[in-house]
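S.K.: Right, I'll just put the structure down here and ask away after.
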Amino acid sequence: MITADQAKEAAARRDALKRYLDVDGKRIQIEEEELHTHVPDFWEHPKEAQAQMKKIKDLQAWVKGYEEVDAAVEEVMTALDFIKEGLVEEEELDALYADAIDKIEKLELRNMLRREEDKLGVVLKINSGAGGTESQDWAEMLMRMYLRWAEKHGYKTSVANLLEGDEAGIKSATINVEGDFAYGYLKSENGVHRLVRVSPYNAQGKRMTSFASVFVTPLVDDTIEVKVDPAAVSWDTFRSGGAGGQNVNKVESGVRLRYQFTDPYTGEHEEILIENTETRDQPKNKENAMRQLRSILYDKELQHRMQEQAKIEAGKKSIEWGSQIRSYVFDDRRVKDHRTNHQTSDVGGVMDGDIDEFIKAYLMEFAGSDAGEN
């Protein structure tokens with residue numbers, strides 16, 4: 001059974017959150033912002049109106065999060081009084097306490113995500129490393145892990161592009177994850193992921209090591225202004241392919257965007273290549289590809305703004321031992337993050353999307369510092 005001191009500590013953390021989040025100030029701000037929505041011509045400017053409504057929604061989310069914490073802590077304090085009178089069982093008190101701590105930790109974690117880009121959705125690009133079918137299978141396992149994580153957290157996902165492996169798995173995939181703070185949480189996943197297992201694709205049953213890289217970019221929305229030079233954009237179209245998948249069709253609905261980018265800071269030139277086969281509608285695929293381009297350009301600007309050019313270069317390392325951020329050793333039942341040293345033996349849970357503890361460990365160590373990779 002929890003102690004009175006534990007309950008008091010939970011209450012203290014709740015009170016600290018109220019101060020950090022300035023909950024009373026946010027309540028006043030919500031009232032002020034809602035006044036702007038009452039003007040007669042408010043919806044005559046849809047883009048500005050939607051941005052205003054999103055601003056209010058974001059403020060309300062913080063207040064609601066605190067109110068849930070406050071209610072959970074009050075339940076613990078009430079149950080602690082009732083247990084002395086035999087009106088509440090010890091197990092019920094412990095369950096209420098665990099729920100309160102869970103809500104507190106989630107809000108504390110979210111409070112660490114203060115950068116402008118943290119609140120955005122995210123583009124995840126997964127590439128298999130050298131090693132043929134084994135690494136391609138590993139890339140597909142990672143894709144499933146992130147899709148399961150997103151599903152558990154209520155995020156909307158879409159596979160913008162998928163290149164299937166020669167025999168199994170995938171060579172690469174681009175996934176959009178839409179929802180509040182998706183980038184803030186998943187920026188911890190940027191880097192090389194290493195798998196060690198007895199490969200089902202090895203006839204001798206040998207233990208093999210495979211690598212896959214994950215690149216993480218903020219998914220920009222209409223509130224973010226990004227300059228795109230129309231003269232630098234060119235398009236190709238192609239038929240969506242695949243082994244009988246839902247995107248297979250006989251028209252050229254797939255689009256390939258080429259953008260001739262010149263870095264305004266260094267003068268370096270590169271071609272940004274984006275493919276989108278998300279739908280059977282070519283105009284929609286073009287729209288999605290342009291959104292990805294804006295996300296990439298926004299991310300490049302962020303890197304310069306935060307003076308993290310060295311990290312950009314680090315992100316371009318070859319997929320090898322030296323650049324790995326996490327190891328998944330199936331035979332030893334161990335997943336370990338090499339940046340935080342957080343590890344777990346629940347390999348099955350991790351591969352089913354239970355990566356919150358790794359995300360939390362990363363944010364606890366790096367969210368308040370520019371030392372982290374993001």
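The values are calculated or read from the model by the stated rules, or taken from the named source; none is laboratory data. Treat the numbers as computed from the prediction; the structure is a model and nothing was measured. Note: ideal-geometry Cβ built from the backbone for every residue, glycine included; neighbour counts use all protein chains shown. Please note that ligands, DNA and RNA were not included when accessible areas were found on the heavy atoms of the full protein model with its side chains. Shrake-Rupley method; radii C 1.70, N 1.55, O 1.52, S 1.80 Å.
S.K.: Nearest 10 degrees, 0 to 90: what angle lies between the long axis of helix 282-305 and the longest principal axis of the chain (Cα atoms)?
M.R.: 70 degrees
S.K.: Ok, one more. Calculate, in nm to one decimal, what A203 and H153 gain on full extension: separation in residues at 0.36 nm each, minus their alpha carbon distance.
M.R.: So the extension gain works out to 14.1 nm.
S.K.: Taking 4 °C and 1.567 mPa s as the conditions, I'd like the Stokes-Einstein D for the chain in µm²/s, using the Kirkwood hydrodynamic radius from alpha carbon pairs.
M.R.: The estimated diffusion coefficient comes to 56 µm²/s.
S.K.: Please give the helix 133-152 orientation as an angle from the longest Cα principal axis of the chain, in degrees from 0 to 90, rounded to the nearest 10.
M.R.: Rounded to the nearest ten degrees, it is 40.
S.K.: Normalised by the number of residues in the stretch 136-232, what is the relative contact order in percent for Cα pairs under 8 Å and 6+ residues apart?
M.R.: 23 percent
S.K.: Return the tail of the calculated pair distribution for the stretch 1-155, meaning the percent of Cα-Cα pairs more than 27 Å apart.
M.R.: Result: 50 percent of Cα pairs exceed 27 Å.
S.K.: Turning to a different aspect of this structure: Give me the net charge for the shell around T37: Cβ to Cβ below 13 angstrom, other residues only, Lys and Arg +1, Asp and Glu -1.
M.R.: Taking every Cβ under 13 Å from that of T37, the sum is -4.
S.K.: Enter the angle in degrees (range 0 to 90, nearest 10) between the Cα long axis of helix 46-83 and the first principal axis of the Cα atoms of the chain, meaning the one along which they spread out most.
M.R.: 40 degrees
S.K.: If you count only protein heavy atoms with a 1.4 Å probe, what accessible area per residue comes out for the chain, rounded to a whole Å²?
M.R.: The answer is 52 Å² per residue.
S.K.: Using only alpha carbon pairs under 8 Å that are at least six residues apart, calculate the relative contact order of the chain and give it in whole percent.
M.R.: It rounds to 15 percent for the chain.
S.K.: When the accessible area of the chain is computed with all protein chains present and a 1.4 Å probe, what percentage of it is carbon and sulfur?
M.R.: Here it works out to 48 percent.
S.K.: Further question on the same structure: Can you pick out the pairs among K125/K284; K64/K84; K187/K336; K26/K103; K47/K171; K84/K152 whose Cα atoms lie more than 29 Å from each other?
M.R.: Going by Cα-Cα distance, K64/K84; K47/K171; K84/K152 fall outside the 29 Å limit.
S.K.: Quick one: putting +1 on the C-beta of Lys and Arg, -1 on the C-beta of Asp and Glu, what dipole do you get for the chain around its Cα centre, in Debye to the nearest 20?
M.R.: Result for the chain is approximately 1500 debye, rounded to the nearest 20.
S.K.: If the stretch 97-205 were replaced by its equivalent ellipsoid, with semi-axes equal to the square roots of 5 times the Cα gyration tensor eigenvalues, what would those be, largest first, whole Å?
M.R.: Those come to 31, 17, 12 Å.
S.K.: Restricting things to alpha carbons, tell me how big the stretch 14-61 is in terms of Rg and Dmax, in Å.
M.R.: Values for the stretch 14-61 (Cα only, Rg and Dmax): 13.0, 42 Å.
S.K.: Right, something else. For a quick protection proxy, order the peptides 125-136, 101-112 by their average other-Cβ count within 10 Å, most packed first.
M.R.: Going by the mean number of other Cβ atoms within 10 Å, highest first, we get 125-136, 101-112.
S.K.: In addition: Pick from Y328, Y20, Y66 the residue whose mean-square fluctuation is largest in a GNM of the chain, springs joining Cα atoms under 10 Å.
M.R.: Y20
S.K.: Looking at the chain as a GNM with Cα springs under 10 Å, which of A160, A150, A95 has the largest mean-square fluctuation?
M.R.: A95
S.K.: How big is the stretch 133-180 by Rg and Dmax over its Cα atoms, in Å?
M.R.: 11.4, 37
S.K.: Rg/Rh for the stretch 48-137: what does it come to with C-alpha atoms and Rh from Kirkwood?
M.R.: 1.25
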